[in-house]
């Protein structure tokens, strides 16, 4: 037992399942309030995204009145901190030597030496182009690939490091690596050879195994670990993370709040079921029918088609979790009568269509057994819109949200904090989201408070985005719109003495002076576009501005004889002419 606040905080592994996140939040928050930590300890809650982190904190504040002494974070950060607590700070560095960023530079050094070897011909094919940044692109992709392997397939990497070029499948069997992929284990071993002995012991697969062994052995830990860990709302957890949490549960209280769309055992309703042999089944069989004994071609008569089509990742995770989760033992250990929290609401004539679909997934109802869905005229729970562009799609969304927020009838009217919008690629849509939702000021009636979550630092910070663009400047065309975007970063505009109120005027001058793309003719020559000359480059347009300020408009009959045959742009004048000087300083800095 772990003594805290004169109460026994019992270590163990406890998983709650529910088809509704609200039910999971209520039971977890209730558990935390009934079994508090000491005042100087903080709760640790692991989530799979920053958006979920914000929702969890708001739910804690809503139900408990305040969210304090709570660390809501991603699993990778927590695991690395636990590694250091279990093995000691001297044995584990602050960061892994094979994190994605240092991995990129190691691969940049290794790939030029390896791509000439026969096994690397699939990789060498990508580098046949003339683009100078292809090597960096390839190294970045491979660094991300190996990072995913360290999280999800550490067993592959351990085998490869020992010279065993095969793949370990989920059921423990071994499969040969396809011929076109044999370069991967060779590249991994080459990466390991760049590390000294201490660094090789500090990569995640090695640390993971050592930490799990120490936690399972019952040895005295180097320092205190988290007394309670809550894993909330994660639909996919790497096997290595589950192994670490299961081992940690011998020393700490580990609670998992698992979203599970179905209250019955549904692990056998789709192909691939033979790879995950169930040693333990938490949920019961529907009508005592073992679906594993039925052929897949007959599954349409026994399983919900939406769950079978979209639930593969969740199926694999829940079946994987069953290996660690002994529900009956957990109920006895924590004296709980119920840990499956599936709702049992009955349908009536006013049940929304979305709830009907959710209920049939929850009950594993096949098409052959479903009754005709009743849709009442005002039901808007599932609505499809067709739009011709992303911006129009967001405009429709904005209008629909305004309509929903304007309807304040009922006991629980909708508030902006109750709304979450999910998209496949948030970074691609972020500029359009800001354009549509940010066009109204706070005092306007059409304003909807919004925030964009799960953005990378480059996309979320204009300054980092500008730095990324500047680093790529020698290999890109430098369009006028990109120069304007650069000046819209307030830190850069201030550096060159351009305030945001003057930027529209400078943009107007840049358009009028004929700036279209490229810094100058030398920049275009570096891009193999020297035949285009200097016409309509940034330097060409700047010279037109300066000539226009110096000489004013040139008479029609003298234009051909103007300085260097460049027609002055006469719109530049007055006190605002210093903007052209600021643009000149910017271009000089870019050309250095």
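Computed from the Cα positions only, the extents of the chain along the three principal axes stand at 97, 67, 58 Å, in decreasing order. For the peptides 494-501, 186-193, 506-513, residues were scored by their other Cβ atoms within 10 Å and the scores averaged per peptide; the highest-first order is 506-513, 186-193, 494-501. For a distance above 22 Å, tell me the whole-number percent of Cα pairs in segment 100-194 that qualify. The share of Cα pairs beyond 22 Å in segment 100-194 comes to 27 percent. Seen against the Cα atoms of the chain and their longest principal axis, helix 21-34 is set at about 70 degrees. By the beta-carbon count within 10 Å of each Cβ, the least crowded to most crowded order of 299, 422, 58, fewest first, is 422, 58, 299. Using the average count of surrounding beta-carbon atoms within 10 Å as a protection proxy, the listed peptides 174-180, 464-470 rank, highest first, as 464-470, 174-180.
Of interest is the spacing of the C-alpha centroids, which for segment 105-129 and segment 527-550 amounts to 40 Å.
With the highest mean first, a sort of the peptides 378-389, 430-441 on other beta-carbon atoms found within 10 angstrom per residue produces 430-441, 378-389.
So what's the angle, to the nearest 10 degrees on a 0 to 90 scale, between helix 462-471 and the longest Cα principal axis of the chain? Taking the Cα atoms of the chain, the angle to 462-471 is about 60 degrees. Using the Cα gyration tensor of segment 461-591, with a ≥ b ≥ c the square roots of its eigenvalues, what is the shape: rounded (a/c below 1.5), prolate (a/b larger than b/c) or oblate (neither)? Taking the square roots of the gyration eigenvalues as a ≥ b ≥ c, segment 461-591 is oblate. Among 376, 149, a tally of other beta-carbon atoms within 10 Å of each Cβ gives an order, fewest to most, of 376, 149. Using only helices, what value at 222 nm comes out for the chain when you add -39,500 (n - 2.57) per DSSP H run of length 4 or more and divide by the total residues, to the nearest 500 deg cm²/dmol? Result for the chain: -13500 deg cm²/dmol, rounded to the nearest 500. Roughly how tilted is helix 353-362, in degrees to the nearest 10 and between 0 and 90, from the longest Cα axis of the chain? Taking the Cα atoms of the chain, the angle to 353-362 is about 50 degrees. Separation of segment 38-89 from segment 196-222 is 23 Å, based on Cα centroids. Note on the chain: antiparallel DSSP beta bridges, both residues inside, total approximately 25 percent of the bridges counted.
Values quoted throughout were computed directly from the atomic coordinates according to the rules given, and no laboratory measurement underlies them. Please read all numbers here as calculations on a predicted model, not as lab measurements. Quick reminder, even Gly has a Cβ in these numbers, built from the backbone with ideal geometry, and neighbours come from all protein chains shown.
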